[in-house]
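Visitor: Below is a structure I'd like to ask you about.
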Amino acid sequence: MTQMTVIAASGAALPQEPFLGRHLIGGEWRESLSGKAFDRHSPAHGVLASRSALGGREDAEAAIRAARASFDSGIWSRTSSKTRATVLLKAADLIEANSERIALIETLESGKPITQARGEASGAADLWRYAASLARTMHGDSHNTLGPDMLGVVVKEPIGVVSIITPWNFPFWILGQKLPFALAAGCSCVVKPSEMTPSSTVIMGELLIEAGLPAGVVNIVLGYGPDVGGTMTTDAEVDMVTFTGSTAVGKAISAAASATLKKVALELGGKNPQVIFPDADMESAADAVTFGVYFNAGECCNSGSRIIVHEDVADDLITRVVALSRKVAFGDPLDPATQVGAIITPQHLGKIDTYVRDAEKAGAEVALGGARLSVPGLSGDFYQPTVVRGVTPGMAIAREEVFGPVLSVLTFRTIEEALALTNDAAYGLSAGVWSENVNTCLEFSRRAQAGTVWTNTWMDGFPELTFGGMKQSGQGRENGRYGLDEFLEVKTLVMRIGKTRTPWVRQG
Ligand code: NDP
């Protein structure tokens with residue numbers, strides 16, 4: 001049976017003109033110094049979604065100079081927390097007022113469903129509001145116990161000029177995990193979105209100007225990684241780089257930034273296991289597994305793409321997940337009924353398919369899907385919901401990020417085996433455990449090597465809860481108080497009270 005739920009072309013109106021993106025440098029919208037531009041076509045509809053200025057090294061350098069000048073001027077870095085929070089709150093209101101515009105361009109450029117893009121815009125507004133609360137409540141420490149003649153104060157200061165480099169899978173949301181926190185800290189920033197999804201970042205630049213952010217505090221440069229991103233990670237006037245994307249580029253950035261010893265924060269890939277014990281609520285677990293693998297077409301660092309299920313319940317779980325997978329609505333991202341949209345590029349679709357073919361050749365069984373999906377009325381790039389069982393730990397599909405709607409299923413017999421499989425990975429971003437036994441859940445959660453462990457749920461997140469990876473999933477943390485601390489330097493002030501210092505040089 002190959003029956004799946006496919007949403008045909010909805011006939012929703014497509015834009016007649018592309019979104020036009022320019023660089024934001026020192027408060028001005030600019031074309032590239034080279035005069036060049038690049039186009040992005042919608043992966044679902046093939047329509048020209050945006051045309052953006054194609055920046056190069058000189059454009060990036062101009063943006064860095066503008067950020068440096070604004071930081072050193074103190075116009076934002078030394079302003080009050082009240083002023084910073086007011087701008088961030090206004091920006092959050094403006095995101096909500098513009099959420100339809102943001103969601104539409106996000107859907108056109110990325111291929112994600114419009115309902116999900118709307119959710120990301122409102123979620124991002126919440127991140128901006130949360131960051132405003134951090135701006136008002138951040139503080140250092142005082143040490144009043146160093147003796148009657150001494151006072152020590154530890155103050156927090158913005159780290160300086162921050163390069164923010166973001167990927168294509170959640171462009172507006174990931175920007176929201178970085179930019180408002182950097183601004184709350186008092187930093188000045190240069191932002192480079194992925195060349196596949198640049199436009200919602202440009203809209204954020206417009207909203208920040210409207211919110212009253214001083215010129216030069218946020219600068220945006222559009223273009224490719226090696227030129228623009230390369231300059232942003234090597235220029236001596238940049239103090240910190242925060243990056244979300246592939247582990248390979250993360251390592252390259254870390255190496256490039258080391259020449260000037262910049263602080264580097266990396267949110268990289270994951271091969272995230274969900275471990276299902278025999279006493280789990282199977283109905284809930286099967287639904288969460290289905291959600292975890294197909295959300296954002298699996299193009300998600302948190303994709304729950306590696307299921308480790310007890311062998312007694314493996315058949316039951318796979319039968320349930322296959323049945324649920326057939327009900328997930330794949331198709332036109334502009335139809336509000338769609339839950340899973342298009343794949344970002346034809347090249348990426350080919351890469352996803354290669355993982356499935358290679359697993360098959362190595363002896364795994366494709367229980368569902370495993371091929372390109374045709375959507376009536378659309379010529380874009382879609383991939384079928386895919387479940388691959390009989391996966392063994394050595395297969396590439398079990399170890400590498402497929403970044404597509406493809407589930408790999410492995411089995412275990414004991415908790416020790418489950419933990420060994422969980423931790424047998426270069427990645428350590430997130431993990432999940434499903435059991436009705438609190439002892440099993442606690443044992444697993446404490447021993448799993450992952451930045452986030454979900455118990456009887458998957459991918460719930462909150463601005464208050466910090467997020468990030470262990471091992472090769474990254475370094476540093478986003479969201480929560482730790483998310484603010486990434487952008488702060490700590491300075492110690494040591495003060496003597498009165499003329500109490502004993503001279504060091506002997507007199508006479
Ligand atoms: P990349 O890691 O290549 O790109 C992410 C961002 O980094 C983009 O803005 C990119 O620019 C930029 N970049 C690329 N090279 C450099 C460089 N040398 N210096 C500075 N910046 C650079 O992700 P891709 O978009 O190519 O995706 C490839 C794979 O990465 C995916 O298949 C997936 O496995 C993984 N990935 C993981 C993500 C996550 O959230 N963990 C997110 C996205 C991808 P540009 O692309 O514009 O040239």
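The values are calculated or read from the model by the stated rules, or taken from the named source; none is laboratory data. Fair warning: this is a prediction, and the values are worked out from it, not measured in the lab. So basically every Cβ, Gly included, is an ideal-geometry build from the backbone, and we count neighbours across all protein chains shown. Heads up: the accessible areas ignore ligands, DNA and RNA and are worked out on the full protein's heavy atoms, side chains in. Shrake-Rupley method; radii C 1.70, N 1.55, O 1.52, S 1.80 Å.
Visitor: For H143, list long-range residues whose amide hydrogen, built 1.01 Å from N in the peptide plane, is under 5 Å from its own amide hydrogen.
Guide: Here G152, V153, V154 satisfy the definition.
Visitor: Rounded to the nearest 20 debye, what is the charge dipole size of the chain about its Cα centre when +1 sits on each Lys and Arg Cβ and -1 on each Asp and Glu Cβ?
Guide: Values: 45 positive and 55 negative charges, 352 e Å.
Taking the Cα centre of the chain as origin, the dipole is about 1680 debye.
Visitor: A further question follows. Given a 1.4 Å probe, how much area per residue of the range 52-202 is accessible, in Å²?
Guide: Details: 4820 Å² over 151 residues.
Per residue, the range 52-202 has an accessible area of 32 Å².
Visitor: For K491, give me every one of the aspartates and glutamates with a C-alpha distance below 17 angstrom, ignoring sequence neighbours fewer than eight places off in its own chain.
Guide: Of all the aspartates and glutamates, those that pass the test against K491 - Cα under 17 Å, at least 8 places apart if same chain - are D141, E157, D239.
Visitor: Quick one: how many Å² of W168 are accessible to a 1.4 Å probe, rounded to 10?
Guide: 50
Visitor: Next up: Can you compute the FRET efficiency between E311 and A255 using 1/(1 + (r/R0)^6), with r the Cβ-Cβ distance and R0 = 60 Å? Round to the nearest 0.05.
Guide: Calculated value: 0.90.
Visitor: If you don't mind, there's one more thing I want to ask. Quick one: length gained pulling T319 to H139 fully straight, 0.36 nm per residue minus the C-alpha distance?
Guide: Stretched fully, the T319-H139 segment lengthens by 59.5 nm.
Visitor: When the chain is fully extended, how far beyond the present Cα-Cα distance does E96 get from S284, taking 0.36 nm per residue of separation?
Guide: Stretched fully, the E96-S284 segment lengthens by 64.5 nm.
Visitor: I've got another one for you. Sketch the reach of a paramagnetic label on T392 as a point 7 Å from Cα along Cα-to-Cβ, and name the residues of the range 293-334 whose backbone nitrogen lies under 17 Å away.
Guide: Hits in the range 293-334 for T392 at 17 Å: none.
Visitor: Through the Karplus equation 6.51 cos²θ - 1.76 cosθ + 1.60, θ set to phi - 60°, convert the phi angles of the range 380-387 into ³J(HN,Hα) values in whole Hz; use x for Gly and Pro.
Guide: Those phi angles translate into x, 9, 10, 10, 5, x, 10, 10 Hz.
Visitor: What do you get for the angle between helix 81-97 and the principal long axis of the chain? Use alpha-carbon atoms, 0 to 90 degrees, nearest ten.
Guide: Roughly 30 degrees between the two axes.
Visitor: Keeping every protein chain present and rolling a 1.4 Å probe, give me the accessible area per residue for the range 404-455 in Å².
Guide: For the range 404-455, the solvent-accessible area averages 40 Å² per residue.
Visitor: Moving on to the next point. Go through 161-167, 106-112, 21-27 and give me the packing order, highest mean Cβ count within 10 Å leading.
Guide: 106-112, 161-167, 21-27
Visitor: Quickly work out the T79-to-E157 label distance, labels modelled 7 Å from Cα along the C-beta direction, and quote it in nm with one decimal.
Guide: Once both label points are built, they end up 2.0 nm from each other.
Visitor: Could I ask something else about it? Give me the percent of DSSP beta bridges within the chain that run antiparallel, rounded to the nearest 5.
Guide: Beta bridges within the chain, antiparallel portion: roughly 40 percent.
Visitor: Then there is this: In terms of modelled amide H atoms, which long-range or inter-chain residues lie less than 5 Å from the amide H of L33?
Guide: Long-range HN contacts for L33: G56, D59.
Visitor: What are the ³J(HN,Hα) couplings of the range 215-232, residue after residue, when phi is run through the Karplus curve with 6.51, -1.76, 1.60 and θ = phi - 60°? Round to Hz, x for glycine and proline.
Guide: Residue by residue, the range 215-232 yields 4, x, 6, 10, 10, 10, 10, 9, x, 9, x, x, 7, 5, x, x, 5, 5 Hz.
Visitor: Local charge sum around R357 (other residues, Cβ-Cβ under 15 Å, Lys/Arg +1, Asp/Glu -1)? Don't skip to the answer; put the middle values down first.
Guide: Numbers: positive: K351, K361, R372; negative: D353, D358, E360, E365, E400.
Here the charged neighbours net out to -2.
Visitor: What is the sum of charges around T319, taking Lys and Arg as +1, Asp and Glu as -1, for the other residues whose C-beta is under 15 Å from the C-beta of T319?
Guide: Net local charge, T319 excluded: -3.
Visitor: Give the accessible area for S284 in Å² (nearest 10); use a 1.4 Å probe, count only protein heavy atoms, and leave out ligands, DNA and RNA.
Guide: 50
Visitor: With the crude spin-label approximation of a point 7 Å out along Cα→Cβ, what separation in nm comes out for N439 versus R481?
Guide: 3.4
Visitor: While we're looking at this one, here's another question. Can you tell me the orientation of helix 438-447 relative to the chain, as the angle in degrees between its alpha-carbon axis and the longest Cα principal axis, to the nearest 10?
Guide: Helix 438-447 sits roughly 60 degrees off the main axis of the chain.
Visitor: With the dipole of the chain worked out from charges on the C-beta (+1 for Lys and Arg, -1 for Asp and Glu) around the Cα centre, which of V154, S122, V340 lies farthest toward the positive end?
Guide: Most positive-ward Cα: V154.
Visitor: Here is a further query. For K327, which lysines qualify as cross-link partners when the Cα separation must be under 29 Å and same-chain residues fewer than eight apart are set aside?
Guide: K112, K271, K351, K361
Visitor: Shifting gears a bit: Among L493, F467, F444, which residue has its Cα positioned farthest towards the positive end of the charge dipole of the range 413-508, with +1 placed on the Cβ of Lys and Arg, -1 on the Cβ of Asp and Glu, and the dipole taken about the Cα centre?
Guide: Value computed over the given set: L493.
Visitor: May I ask you to order 422-429, 484-491 by the average number of other C-beta atoms within 10 Å around their residues, highest value first?
Guide: Result, highest mean first: 422-429, 484-491.
Visitor: Fully extended, how many nm does the chain gain between E17 and N423 (0.36 nm per residue separation, minus their Cα-Cα distance)?
Guide: 141.3 nm
Visitor: Taking 1 over the mean of 1/r across every pair of different Cα atoms in the range 21-103, what Kirkwood radius in Å do you get?
Guide: 15.6
Visitor: Using Cα pairs closer than 8 Å and at least 6 residues apart in sequence, work out the relative contact order for the range 64-137, in percent.
Guide: Numbers: 56 pairs, mean separation 29.5, N = 74.
Over the range 64-137, the number comes to 40 percent.
Visitor: Can you bin the chain into rounded, prolate or oblate? Criterion: square roots of the alpha carbon gyration tensor eigenvalues sorted a ≥ b ≥ c, rounded for a/c under 1.5, prolate for a/b above b/c, oblate for the rest.
Guide: In terms of gyration-tensor shape, oblate.
Visitor: Then there is this: Sequence-distant or interchain residues sharing an amide H contact under 5 Å with L368, placed H: which?
Guide: When sequence neighbours closer than 5 places are left aside, the close amide H contacts are V387.
Visitor: Quickly estimate the mean residue ellipticity at 222 nm for the chain, helices only: each DSSP H run with n ≥ 4 gives -39500 (n - 2.57), and the total goes over all residues, rounded to 500.
Guide: Using -39500 (n - 2.57) per qualifying helix, the result is -11500 deg cm²/dmol.
Visitor: Next up: What is the angle, in °, between the Cα long axis of helix 171-185 and the longest principal axis of the Cα atoms in the chain? Nearest 10 is fine, range 0 to 90.
Guide: Approximately 20 degrees, to the nearest 10.
Visitor: For the chain, what % of the accessible area comes from carbon and sulfur atoms, probe 1.4 Å?
Guide: So the carbon and sulfur contribution to the accessible surface is 53 percent.
Visitor: Given R₀ = 22 Å, FRET efficiency for T115-K327 by Cβ-Cβ distance, to 0.05? The partial results should precede the final answer.
Guide: On the way: r = 16 Å, r/R0 = 0.74.
Efficiency, from the Cβ-Cβ distance: 0.85.
Visitor: Next question, about the same structure. Can you tell me the relative contact order of the chain? Whole percent, Cα pairs under 8 Å, sequence separation 6 or more. List each step's numbers first, then the result.
Guide: Working: 1192 pairs, mean separation 96.1, N = 508.
Averaging sequence separation for qualifying contacts and normalising by length gives 19 percent for the chain.
Visitor: Could you check the spin-label model distance between V47 and A362? Points 7 Å from the Cα along Cα→Cβ, value in nm.
Guide: 4.1
Visitor: Residue by residue, what Karplus-based ³J(HN,Hα) values in Hz, rounded to whole numbers, does the range 260-269 have, using 6.51, -1.76 and 1.60 with θ = phi - 60° and x for Gly and Pro?
Guide: 10, 6, 6, 5, 10, 10, 10, 10, 10, x
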